[in-house]
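Right, one structure below, let's go through it.
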Amino acid sequence: MGRGRLTRRRPLIAVTGPDRLGTTAWVFTRWALRRAGAQACRLTPEAPRPPEPLAGLVLGGGADLDPARYGQPRAGARGVDPARDEFEWAILQRCLRAQVPVLGICRGSQLLNVFHGGSLHQDISGELPAVVREYAFLARTAIDIEPQSTLGRIARGPRANVNSLHHQAIDRVGKGLRVTARSKSGIVQALEREGPELVLGVQWHPEYLPFSRIQRRLFRHFVEAARARMSAALAAALEAEAKTAS
């Protein structure tokens, strides 16, 4: 890793997605990250390697995870993409080991949960008939946020309104994760991983709410965490250079 790459002003953040489709989400996410001070690159199963070491990872939304990942037969999951599952599983594993900040969006939040041993409701309408499924690009879903959490500090309050574009939901929460937001109907809306590095999953799509102050703060907080990771990597590289020189 060259020092020039480490000293770039904008941290490099990867945004994962499918090989086909997903262009709209990618464009909005790239714009949100750029507004927050980062440079984004898109990674897919057919193009899985970033141009240089990453300072952050965004697991994007899209098709459902293969239920086999959480030990269930397929019964409501749609558009399963095993190649994407495998690719994102591997890059998430590498980034967590390297303590690279991770933001999971919609499917990405569900992937974070399953990676940590959790499970999903494959279809809210079928499995949770008492829950009224909300579907809207606009911020019409009210959520309650745990004040003593990263998301609570970002939101600066215990409540927010978000959009809702999912038909699945988190069921069993994965090991080492805690729920930090729920909708009024009880659906898990945010997860955070215990530990010093930022690992946060949100069930909504913050990239589609560019005029929301809370969503802009969410991306800024994530980019600042990536910048801190980049600074730590630079310090480690300089220390290694010094040891080699001596």
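The values are calculated or read from the model by the stated rules, or taken from the named source; none is laboratory data. Quick caveat: nothing in here was measured; it's all calculated off a predicted structure. Virtual Cβ from ideal backbone geometry, glycine too; neighbours counted across all protein chains shown. For the accessible areas, the whole protein counts, side chains as well, though only heavy atoms, and no ligand, DNA or RNA atoms are used. Shrake-Rupley method; radii C 1.70, N 1.55, O 1.52, S 1.80 Å.
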Q. Out of all the residues in the range 141-151, is one or more at negative phi, part of a helix (DSSP H, G or I), open to solvent by 10 Å² or more (accessible area, probe 1.4 Å) and modelled with pLDDT of 95 or more?
A. yes
Q: Can you work out which of the residues in the range 74-105 that are outside any loop (DSSP other than H, G, I, E, B) and among the small types (Gly, Ala, Ser) is surrounded by the fewest Cβ atoms within 10 Å (Cβ to Cβ)?
A: Ala90
Q | Leu138 buried (at least 18 other Cβ atoms within 10 Å of the Cβ), out of contact with any helix residue (DSSP H, G or I) (no Cβ under 6 Å at 6 or more places or on another chain) and in contact (Cβ under 8 Å) with a residue 12 or more places away in the chain | A | no
Q: From the list Asp123, Asp171, pick out the single residue that is open to solvent by 50 Å² or more (accessible area, probe 1.4 Å), under 29 Å from Glu86 (Cβ atoms) and in contact (Cβ under 8 Å) with a residue 40 or more places away in the chain.
A: Asp171
Q.
Residues that are in a strand (DSSP E or B), among the β-branched types (Val, Ile, Thr) and within 20 Å of His116 (Cβ to Cβ): does the range 53-61 have at least one?
A. yes
(Q) Looking at the structure I just gave you, is Val114 buried (at least 19 other Cβ atoms within 10 Å of the Cβ), farther than 17 Å from Gln215 by Cβ and touching a Phe, Trp or Tyr at 6+ places or on another chain (Cβ under 8 Å)? (A) yes
Q.
So the check is Cβ under 6 Å with 6+ separation or different chains; which pairs have a first residue in the range 30-58 that's under 20 Å from Leu96 (Cα atoms) and a second one that's among the hydroxyl-bearing types (Ser, Thr, Tyr) and assigned to a strand (DSSP E or B)?
A. Leu43/Thr16
Q.
Name the residue that is nearest to Glu224 (Cα to Cα), counting only residues in the range 177-210 that are open to solvent by 30 Å² or more (accessible area, probe 1.4 Å) and at pLDDT 95 or above.
A. Arg193
(Q) Looking only at the range 159-181, count every residue that is among the polar types (S, T, N, Q) and assigned to a loop (DSSP other than H, G, I, E, B) and tell me the total. (A) 1
Q. Is there a residue in the range 17-26 that is under 17 Å from Ser109 (Cα atoms), modelled with pLDDT under 95 and part of a loop (DSSP other than H, G, I, E, B)?
A. yes
Q: Confirm whether Ile154 is in contact with a helix residue (DSSP H, G or I) (Cβ under 8 Å, 6 or more places away or on another chain) and either open to solvent by 30 Å² or more (accessible area, probe 1.4 Å) or of a type in the set (A, V, I, L, M, F, W, C) (or both).
A: yes
(Q) With the structure loaded, tell me whether Trp89 is of a type in the set (Phe, Trp, Tyr) and under 14 Å from the mean Cα position of the chain (by Cα) or whether it fails that test. (A) yes
Q.
For Leu128, only one of the following conditions fails: (1) touching a His at 6+ places or on another chain (Cβ under 7 Å); (2) modelled with pLDDT of 95 or more; (3) open to solvent by 40 Å² or more (accessible area, probe 1.4 Å). What is its number?
A. (2)
Q. Somewhere in the range 22-41, is a residue surrounded by 16 or more Cβ atoms within 10 Å (Cβ to Cβ), over 17 Å from Trp204 (Cα atoms) and of a type in the set (Ser, Thr, Tyr)?
A. no
Q) Since Gly71 meets every condition but one in (1) exposed (fewer than 13 other Cβ atoms within 10 Å of the Cβ); (2) under 20 Å from Gln168 (Cα atoms); (3) modelled with pLDDT under 95, which condition does it not meet? A) (3)
Q: Would you check which residues across the range 189-232 are within 22 Å of Tyr135 (Cα to Cα), free of Cβ contacts under 8 Å to residues at least 40 places away in the same chain and not in a loop (DSSP other than H, G, I, E, B) and list them?
A: Arg213
